[in-house]
Amino acid sequence: MPADVRRVLEELLGSPTAPGGRLRAQVVAHRVSPATQAKFADLPDALDPRLPQALAERGIRRLYTHQRAAYDHVTAKRNTVVVTPTASGKTLCYNLPVLDALLKDPGARALYLFPTKALSRDQSAELLELMQQAAPQLGTAVYDGDTPPAERRVVRDRAHVIMSNPDMLHTAILPHHARWMRLFENLRYVVIDELHHYRGVFGSHLANVLRRLRRVCRFHGSDPVFIAASATIANARSFAERLLERPVELIEENGAPLGERHFVLLNPPVTNPALGLRKSYLSTSRQVASTFMKRGVHTIVFCGARTTTEVMTKYMKDLFRDRVDRRPRVVGYRGGYLPRERRAIERGLRDGSILGVVSTNALELGIDIGALDASVIAGYPGTVASTRQQAGRAGRRQDASAAVLVLRSSPLDQYLADHPEFLLDASPESAQINPDNLQILVSHLKCAAFEVPIEDGEELTSTGEGREVQPELLKYLEEHGVLRHTGGRWHWAADAYPANDISLRSVTSTNFVVVDTTGNRNEVIAEVDYTWAFTTIYEGAIYMVQSEQYHVDKLDWDRRKAFVRKVESEYYTDAQHYVKVKVLQVLRENDPAAELEEAAPKTEYGEVEVVRKAVGYKKLKFYTHENLGWGDILLPEDTYHTQATWFTVPDAVIESLGVPTSDLVDALIGLANLTHDLASMLLMCDGRDLGVVMGDRTREWFLKPTAPGAIQPDPPDRFEPTVFLYDQYSGGIGLAEALFPLLPRLLDGARDRLAACACERGCPACVGPEQEVGPRAKAIAAQMLELMRSAPREPATA
């Protein structure tokens, strides 16, 4: 019998004499949200009579108020977005009006879009169960990359509700819309679940895919209503309207009941005051999670990176290996696992046979994983919205639940330690997209012309920027032989199939497969997308699946295959890479030319070329993280164009500092570390979407990681030390542009953080550990910021 979550929390956070009570001193905040009662509304009178009976068989005789509001809006043909907490019954908000319409008109069709294949299959099972109770003649089917070819025609011809994802809509449905005539002629509703997931480059692509979808629907004579469901974000209505380019009704008042919820922030203790070092956040997370699991509490542990997830999975399995039977009671879950393995894990979580799961944010989405009672978050996920999503994965029943966020030593996490109200009380972030990014827009113009010729004067975008550039882009594509203009229409003229070469989620759509050659098995055990290949499956790497270690013997880059064999390793590997940034065009600048402003930093925003190259890897021992050695990585560079904002330290400040160039470089490295974390907070974005590098403004000198003992190339005698903050997506997604006018606030915040940090010569909570940035980095960075702050600042110019 599992213990009550509140008792386990008392054990962890209780008096210092209680077992585990030593964590009490690490508690930064403990917020208890009391249970809330449900708010109900009657079933609509207009419902098809078969639906109330089917709902009653599932124990539903009334709706929550937000479910009734969604039904009323949708049946009145109003586009709707529902923004309520996890486990509040958002699925019924769209299933109910869709099923009602299908029962009244069996010829109608609906299209459901989910960000992942796992989520579409999970929701398909739930809808199918309700369909069988209300109308067995109706059908639903999943159409994704795992759908066998023999079933695809059946799906097209017979399914009333098609469950898919944006990628399949983009590559397999819209380009072949003639085969899908029955769907597009009768398409009544389009459902977009997990709307908040579509930010950044993925969302910018999806906005264009939806433009193409509406265009194909018009061609076939339909005009569907859009229904979206989202976790809480600050700009739900405006974001949905930007994505759909249509007016949207917002429903955000939750009518579902909630159990008592505990949210705890833990800050591991300082173990070395001089260096500002704290106890490992992974060790503390392991301690918290294992305490819950030992008491029978079903628990999920969230980790920020795939390698961290595998390492934590190993640690948890080591703890429980001799304590339970042979069934896997603790498992890992992340992108790259094969579909059959992911589905087995999801089933185990639903039926309770799996006690704990260690996951990346892959389980942050609304996949049904049963009733979990505790969520342990190892390190701040980067946004308030993600934190609340991960915390909300526990407590999907009305019982008490707990979420524990264990903070790292990074500046962002330590800011939360000092200001927990930012996380507990602040509004979640706004979701941002840029559908008119030129690179993205050009790609989808090609796809649109392939699907249906583009008429002269036809506007594929509803925004001013997109409308202005569309004629020029069409002429550009004609000049390159992609389009042909004749009879007042732009026709597809190339031989290639455009959608197949355009990935919605990354620079390239080509994945790598990981092949296990142990004992001549030659079995595919995982997939790795292009961007992760540089740092996970290089030759010599230890690649982990469910914490099992595999040595990468060979990487066939051209054939996109990594050949591995199973090993028992005492270490895991961590790739090191460097980044170079080349300024292509300055779009805005603030150039302090007057004498009184000579100490002010020069700030600029523009187009840049980013070159990323993995150069080596460290061998880190499990548990102690001791560096056991170094290896070289011999892979090509990854190059893309994006947007950046940067600031350059002026000569006057360098002369005032009067320090050796090597010390100046150390200070700039520390300042880059600090400004990156603060910038992600200032923009309220995920820090992984924003890159940072320190280098020379005018020369191609940038700091490169090297093997221990190797010589780091010296910077030029005279160089312009610059910190670049850039969008980590090809073409940019608007973060650098938004950051440019905020640079004065960013530098002031960095100065304040350095002044508030109690360490002597640098630590992970400010410029970085002294061992990495040098003993003088903190002092020089603080002096540099003070000198630049004292100078008057001039408004930015275009």
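The values are calculated or read from the model by the stated rules, or taken from the named source; none is laboratory data. None of these values were measured; they are calculated from a predicted model. Ideal geometry is used to build each Cβ from the backbone, glycine not excepted, and the neighbour counts take in all protein chains shown. Surface areas here come from the heavy atoms of the whole protein model, side chains and all, with no ligands, DNA or RNA. Shrake-Rupley method; radii C 1.70, N 1.55, O 1.52, S 1.80 Å.
Which percentage, to the nearest 5, of the DSSP beta bridges contained in the chain is antiparallel?
60
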**OP:** Only helical DSSP H runs with n ≥ 4 go in: add -39500 (n - 2.57) per run for the chain, normalise by residue count and round the 222 nm mean residue ellipticity to 500 deg cm²/dmol.
**Re:** -10500 deg cm²/dmol
Original post:
Between Thr624 and Arg158, 0.36 nm times their residue separation minus their Cα-Cα distance comes to what?
Top reply: 162.0 nm
Subject >> the chain: proportion of alpha-carbon pairs further apart than 49 angstrom, % >> reply: 19
Subject >> Fraction in percent of alpha-carbon pairs per bin - 10 Å, region 411-516 >> reply: 12, 32, 20, 15, 13, 7, 1
Original post:
Across region 558-566, in residue order, what do the Karplus-derived ³J(HN,Hα) couplings come to in whole Hz, using 6.51 cos²θ - 1.76 cosθ + 1.60 with θ = phi - 60° and x for Gly and Pro?
Top reply: 5, 8, 6, 9, 10, 9, 10, 9, 6
Subject >> Per residue, in Å², the accessible surface of region 126-192 once ligands and nucleic acids are set aside, probe 1.4 Å >> reply: 41
**OP:** Starting from the Cα of Phe422, step 7 Å along the direction of its Cβ; do the same at Phe40; then give the gap between the two resulting points in nm.
**Re:** 4.4
Original post:
Want the number for Arg24 to Gln771: 0.36 nm per residue separation, take away the alpha-carbon distance, what's left?
Top reply: 265.9 nm
**OP:** Output the lone cysteines of the chain: those with no second cysteine's C-beta under 4.7 Å from their C-beta.
**Re:** Cys93, Cys217, Cys303, Cys447, Cys685
Subject >> Kirkwood-type radius of region 85-164, with distances r between different C-alpha atoms, in Å >> reply: 13.0
Original post:
When the accessible area of the chain is split by element with a 1.4 Å probe, what percent falls to carbon and sulfur?
Top reply: 47
